[in-house]
Amino acid sequence: MSEQRHGYFGAFGGQFMPETLMNAVIELEEAYNKYKDDPEFVRELEDLHKKYTGRPSLLYYADRMTKDLGGAKIYLKREDLNHTGSHKLNNVIGQMLLAKRMGKTRVIAETGAGQHGVATATVAALMGMECEVFMGAEDCERQALNVYRMELLGAKVHPVTTGTSTLKDAVSEAMREWTNRMSDTHYVLGSVMGAHPFPMIVRDFQSIISREAREQILEAEGKLPTAVMACVGGGSNAMGMFYHFIPDEGVRLIGCEAAGRGVDTEEHAATIAKGSVGIFHGMKSYFCQDEDGQIAPVYSISAGLDYPGIGPEHAYLHDSGRAEYVPVTDDEAVDAFEYLSRLEGIIPAIESAHAVAHARKIAPTMSKDDIIIICLSGRGDKDVAAMAKYRGVDLHE
Amino acid sequence: MSKIKDAFTKGKAFIPFISAGDHGIENTERYIRIMVKAGADMVEIGIPFSDPTAEGPVIQEASTRALSTGVKIHDIFDMVRRLRTGDDAVTVPLVFMTYLNPIYVFGREKFFTLCEEVGISGVIVPDMPFEEKGELGTIAHKHGVEVVSLIAPTSENRIEMIAKEAEGFVYCVSSLGVTGMRSEIKTDIKSIVETIRKYTDIPVAVGFGISKPEQAEAMARVSDGAIVGSAIVKIIAEHGENADQALFDYVQSMKQAVLKAGA
């Protein structure tokens, strides 16, 4: 294999940042390389995960779901049980420990569904750092509870009204703010995207998901799973779920994209299914866009998957054929949201419900010797009001 | 074809930016002619991008307005072709300012072939740093188009590397943050420009935050010219299709200001 270009995964990735931020990302990479294997840094990270995040997260055997689907055995990797209710804390704690060592006193973050913003606000409170979160104005409305949670935790939330007022605009605005002030400020990017070194750093911090899951499944079943699956927006929980299984060639890696109202409509966020290669938000990857390279307005019921791009390592795993990416519609995700709630007593985030929905499709076609692990990336409490609305139930007085 | 360096032959240069298609591509064409008549030494033509991450609100809004008219990259090339032909052809250098994605997705070969054909001398791409300039460099050069490098107040140890390979002119970014008018520019531009000049002989122009004649004069005093974007875009936003006189007066006053710096 030819040597990998610095900061690239195959043809994807890179460091497409304005010159003003180049020294900031270079400084970040140097700090990360200095500390990632530093025993004191590793000890502090593991200690916080054990005592604050609540790791290791459970690998739960979904007996009723398995019996109902009548095929592969279903396991759920319970990232929803982490403190703050999603996998986002895995990355945030790592980046914030790094930011502290870099002498930063202020952090900024983008957020879609609000999960990453809440995680960042939480750790900022824990570490006594100033925190500002950029969130699309439309998402602020969809996820009003998370806006209040962030404020409660001491963060300042900036509703972003440019563009489509969703996640991509929140990322753009966080990048603009970082350009304005980087000497005391670290940008806690929430997914495996953006300019190098972010996709690598976020993947490394999220890879704890597959590190644990691989050990847990070997202990429970004495063998590796047939498939692991996760929802994909930018792709951080999926990268975390895939990473330690990549060398296990027999394990299928399946990413579930948001197909919104269907990939044959204009209203979806299915980047791999419908996108093309471009360069945006610091990275070369797949994007939903037109023939002039204008980024398309995307849509998903899930604010966390409502993003027109995908992390560069996913683009690479797709092109190399190592991972599969499948579209899942709003309807399928909402059905799966209700299905898991009723069958297992677990209310999944609407994002994670996309992966549950795909498992419902493929598990019945597999044998009882097969094993599927679904990354349950977050809890669904934040989505209850939106799901009620989707079903025509008015929760307001 | 005119080269970027030609812009710096009539004293200190004044370089306005315009967002192509803002209030219609016909108006953009007329406004470029007016700015050149008023003394603009080169014009930066912005190809609007849906998500311009290096721009402040003024140029973001102009890009949105432009795209809402349905303007396509092909329309912008057609406009440049019209500017370059006929008795009243514009002869000063014209450069494109845009993001990597429109060029990459439109097709790099096709893009630079058209640049050469219609008479575009260079491109300014704020999301393509030194490390990634291979994305455009080779193809652009094949078609005689120069790729302008930006140097920022945070570039520090990177200045030597960037300046040594810079072509056309060096775009010196005056301030941290995104584009937009600033009441005060606090960066020590003089010392940054002096550092740049240790490594290159090509002209250095300063942009970001400049709107008033006094600022342009101050920047031109320590460099080879001043670049103004948001203030121009704001005049067009305010006057719409009737910005002719206001634009002419503004550009003329700015050119006079930079000339004063060279006197």
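Values quoted throughout were computed directly from the atomic coordinates according to the rules given, and no laboratory measurement underlies them. These numbers were taken from a predicted model, which means no experiment stands behind them. Please note: Cβ atoms are built from the backbone with ideal geometry, for glycine as well, and neighbour counts cover all protein chains shown.
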Report, in debye and to the nearest 20, how large the dipole of the range B:101-181 comes out about its Cα centre when Lys and Arg carry +1 and Asp and Glu carry -1 on their Cβ.
80 debye
How far is it, in nm, from the label point at A:Arg322 to the one at A:Lys50 when both lie 7 Å from their Cα along the line to the Cβ?
3.1 nm
Residues of the range A:303-346 with amide N under 20 Å of a point placed 7 Å along Cα→Cβ from A:Arg64
A:333-346
Cβ-based exposure ranking for A:Ile373, B:Ile73, in which fewest neighbours within 10 Å come first
B:Ile73, A:Ile373
What is the distance, in nm, between label points placed 7 Å from the Cα along the Cα-to-Cβ direction at A:Ile246 and at A:Arg101?
2.1 nm
Can you tell me how chain A classifies by the Cα gyration tensor, rounded, prolate or oblate, using a/c under 1.5 as the rounded cut?
rounded
So what's the net charge close to A:Thr162: Lys and Arg +1, Asp and Glu -1, counting the other residues with Cβ under 12 Å from its Cβ?
-4
For a Förster distance of 35 Å, can you work out the FRET efficiency between the beta-carbons of B:Thr85 and B:Asp201, rounded to the nearest 0.05?
0.60
Cut-off 12 Å between beta-carbons: net charge of the residues surrounding B:Ile34, Lys and Arg +1, Asp and Glu -1
-1
Would you please name the trypsin sites (Lys or Arg not before Pro) within the range A:317-381 that are DSSP coil residues with at most 11 other C-beta atoms within 10 Å of their C-beta?
A:Lys368
Whole Å is fine, so just give me how far the alpha carbon centre of the range B:230-263 lies from that of the range A:49-128.
53 Å
How long is the gain from B:Thr64 to B:Glu156 if the chain were fully straight, where each residue apart is worth 0.36 nm and the alpha carbon distance is subtracted?
29.7 nm
What does the helix-only formula give at 222 nm for chain B: each DSSP H stretch with n ≥ 4 adding -39500 (n - 2.57), the total divided by the residues, and the result rounded to the nearest 500 deg cm²/dmol?
-13000 deg cm²/dmol
What's the average, rounded to a whole number, of partner chain beta-carbon atoms within 10 Å of each residue's beta-carbon in B:152-159?
4
In which sequence would A:Cys256, A:Cys231, A:Cys288, A:Cys140 go, from the one with the fewest C-beta neighbours within 10 Å to the one with the most?
A:Cys140, A:Cys288, A:Cys256, A:Cys231
Which chymotrypsin sites (Phe, Trp or Tyr not before Pro) from the range B:1-80 combine a DSSP loop assignment with at most 14 other Cβ atoms within 10 Å?
none
For peptide A:168-181, what's the mean number of Cβ atoms from other chains within 10 Å of each residue's Cβ?
4
Could you please state, rounded to a whole Å, how far the C-alpha centre of the range B:1-61 is from the C-alpha centre of the range B:98-154?
16 Å
A:Glu138: net charge of surrounding residues, Cβ under 10 Å, Lys/Arg +1, Asp/Glu -1, itself excluded?
-3
So which GluC sites (Glu not before Pro) in the range B:208-243 pass both tests, a DSSP loop state and at most 14 other Cβ atoms within 10 Å of the Cβ?
none
Applying the Karplus parametrisation 6.51 cos²θ - 1.76 cosθ + 1.60 with θ = phi - 60° to the phi angles of the range A:234-243, what ³J(HN,Hα) value in whole Hz is obtained for each residue in order, glycine and proline being reported as x?
x, x, 6, 6, 5, 4, x, 6, 7, 3
FRET efficiency (B:Ser191, B:Gln256; Cβ distance; R0 22 Å; to 0.05) is 0.25
Listed here are the pairs A:Lys156/B:Lys72; B:Lys12/B:Lys164; A:Lys104/A:Lys168; which of them are more than 27 Å apart at the Cα?
A:Lys156/B:Lys72
At B:Asp78 and B:Ser183, where each label point lies 7 Å from the Cα along Cα→Cβ, what is the point-to-point distance in nanometres?
4.5 nm
Provide A:His244, A:His268 in ascending order of the number of other Cβ atoms located within 10 Å of each residue's Cβ, fewest first.
A:His244, A:His268
So if we plug the beta-carbon distance of A:Arg43 and B:Lys37 into 1/(1 + (r/R0)^6) with R0 = 51 Å, what FRET efficiency do we get, rounded to 0.05?
0.15
In the range B:184-222, whose amide N lies under 20 Å from the spot 7 Å out along Cα-to-Cβ of B:Ala263? List them in ranges.
B:212-222
From the square roots a ≥ b ≥ c of the eigenvalues of the alpha-carbon gyration tensor of chain B, which class results: rounded (a/c under 1.5), prolate (a/b over b/c), or oblate?
rounded
Divide by every residue of chain A the summed helix terms, -39500 (n - 2.57) for each DSSP H run of at least 4, and state the resulting mean residue ellipticity at 222 nm, rounded to the nearest 500 deg cm²/dmol.
-12500 deg cm²/dmol
Once amide hydrogens are built 1.01 Å from N within the peptide plane, the residues lying 5 or more places from A:Tyr8 or on another chain with amide H under 5 Å from its amide H are A:Gly14
